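The values are calculated or read from the model by the stated rules, or taken from the named source; none is laboratory data. Computed from a predicted structure; not experimentally measured. Here Cβ is always computed from backbone atoms with ideal geometry, including for glycine, and neighbour counts include all displayed protein chains.
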Amino acid sequence: MDENPLIPLKENLTNLVGLLEDVNTNIDEFEILDTSLEDWTEILSKSSKVIGSIVKIYNVSEKITFKRFLKGLNSKINNKNIIDYKSKQKLDNYLSKNQNIEFVYTTIRKSLTANSLNCTELLAIIVGEILQKQIEMTPENITIIDALHSMNNYDLDNFYIIYKLISEIDNRNLRLDKLYSRVDKSTVQISVNKLINLQLFIQDTITTHQGMRWEDDSTDPLNTIMDDSEKFLSLYNVSDKLFNLLEKSRS
């Protein structure tokens, strides 16, 4: 019988938790650009058996990305935030399921290939939370992870701004024309469309005029011909989760 290829990954994840507890990775004082490739490989090999073996192929930009990954992960798992014996037993049980191992490694991969260093760090924080709390692979969590992998810094900043504006309203939704009266439409419109597609905001289009539009054969099924005054952005639990993650990372 062939050996399960995920078993070494499970062992690496367990080693990663243990090693990061033992090694206080001083990210802020690590002069990454002045470090030789040999020293870099040695440092990472000591602090992480997951990535140490492949770091030789990293270029400067990839090393910077990995530094941000370590920073995010280290904020959750280090020698000041040690996981107790009972929690380690739960982690071992969690990593006994192949789908959970794949979930962790997919999140790591997306962190290291994100479009923004800020998103890299946020995804690394999620990896740390997964390993600490044995977070399940729910549709909500997958939505947030996929979104962070695709977002850039502008999208991230615009999400934060728009969320705060909508959250001030009791029913947690805001008409697009009202939104654009408070923020410059030209600077956020692309992000708005992207954030809707990533399912971080819900776009509602039910209006007093909608009934007439249903009988109109010329209606664009994507509602792109509707006016901003006929579209609403709404918050839901995924929006809340991502905003709370951003708040924690900025505190």
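Here the helices (runs of 4 or more DSSP H) wholly within segment 66-175 that include at least 1 residues being closer than 28 Å to Ser234 by Cα and charged (D, E, K, R) are 98-112, 117-133, 139-150, 153-167. Of note, Ala147 satisfies the criterion of being under 29 Å from Val192 (Cα atoms), buried (at least 21 other Cβ atoms within 10 Å of the Cβ) and touching a residue at least 60 places away in the same chain (Cβ under 8 Å). Restricting Ile190, Ile135 to residues that are modelled with pLDDT of 90 or more and aliphatic (A, V, I, L, M) narrows the list to Ile190. Considering only residues in segment 113-159 that are within 22 Å of Asn74 (Cβ to Cβ) and charged (D, E, K, R), the one that is nearest to the chain's Cα centre (by Cα) turns out to be Glu121. In segment 180-203, the residues that are not assigned by TED's automatic domain parsing to the domain that holds Leu235 form no Cβ pair under 7 Å with any partner that is crowded, with 19+ Cβ neighbours inside 10 Å and among the aliphatic types (A, V, I, L, M), whether six or more places apart or across chains.
Taking the residues in segment 178-196 that are in a helix (DSSP H, G or I) and basic (Lys, Arg) as candidates, determine which candidate is nearest to the chain's Cα centre (by Cα).
Across segment 178-196, the extreme among qualifying residues is Lys194.
Restricting to segment 186-201, name every residue that is surrounded by 15 or more Cβ atoms within 10 Å (Cβ to Cβ) and under 19 Å from Asp227 (Cβ atoms). Hits for segment 186-201 are Val188, Gln189, Val192, Phe201.
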